[in-house]
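Input: a single structure, listed below in C-alpha cells.
Laboratory data are not the source of any read-out in this text; all were calculated from the coordinates shown. The structure presented is a predicted model; accordingly, all values stated were derived computationally and were not measured. With ideal geometry, Cβ positions are generated from the backbone for all residues, glycine too; neighbour counts draw on all protein chains shown.
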Amino acid sequence: MISSELIKGSLKTIVLKLLKEEGAMHGYAITRRVEELTEGKIKLTYGALYPILHKLENDGSLVTSSENFNNRIRIYYSLTPKGQTVVTEKIEEMAEFIESLRKIIEPKPGLSYARS
C-alpha cells in the first residue's frame with residue numbers, strides 16, 4: 001500500500017480525473033474505484049476524501065446533487081466547467097511531476113550507489 005503522505009499531495013488530481021472520466025460519483029464510489037484501479041495500492045480514507053471534495057466544491061470546481069437511495073441521501077459530485085479546466089491543468093502538472101521524479105529515482109546506467 002502507498003503511504004498517505006504520498007497520496008495526500010495527489011488526491012485533488014485523483015478525484016478530478018475520476019470525475020472527468022466516470023461522471024458524477026458519490027464518495028464511497030470514488031474510494032472503491034480508486035482501490036480497484038490501483039489494485040488495492042491506494043486506499044482513500046473518508047477523512048482524507050471529504051475535505052478535498054468540499055474544498056473543490058467551495059472553489060467552484062465541483063457541484064453536488066443528491067438522490068434518495070434506500071432511504072439514505074447520497075451526495076453525488078460532478079465537475080463544473082471550471083472543474084474541467086482545473087482537471088486538465090492538474091493532470092499536466094502531475095505528469096510533469098512524475099517525469100521529474102522518474103529522472104531522480106531511476107538509476108543511470110553504469111552508476112553505482114554503493115559508497116566506498
Each label sits 7 Å from Cα toward the beta-carbon; between residue 64 and residue 3 the label points are separated, in nm, by 3.3
For the chain, take the alpha-carbon Rg, divide it by the Kirkwood Rh, and send me Rg/Rh. 1.10
Candidate cut points under chymotrypsin sites (Phe, Trp or Tyr not before Pro) in segment 22-116, DSSP loop plus at most 16 other Cβ atoms within 10 Å of their own Cβ, are 113
Cα-Cα over 18 Å: which of 43/90; 17/103; 20/43; 41/90; 8/43; 20/41? 43/90; 17/103; 20/43; 41/90; 20/41
Farthest positive-ward along segment 4-105 dipole, Cα basis, beta-carbon charges - from 62, 47, 30: 47
Exposure proxy check: 7, 98 ranked by fewest other beta carbons within 10 Å? 98, 7
Candidates per GluC sites (Glu not before Pro) in segment 15-102, loop by DSSP, up to 13 other Cβ within 10 Å: 39
For segment 4-105, with +1 on Lys and Arg beta carbons and -1 on Asp and Glu, the positive-most of 105, 15, 86 along the dipole: 15
For segment 28-91, run through the trypsin sites (Lys or Arg not before Pro) and keep only the ones in DSSP coil with at most 12 other Cβ atoms within 10 Å of their Cβ. 41
Treating the beta-carbon of each Lys and Arg as +1 and of each Asp and Glu as -1, no other charges, what is the dipole magnitude of the chain about its Cα centre, to the nearest 20 debye? 280
Taking the chain and dividing mean pair separation by its residue count, relative contact order in percent (alpha carbons under 8 Å, at least six apart): 27
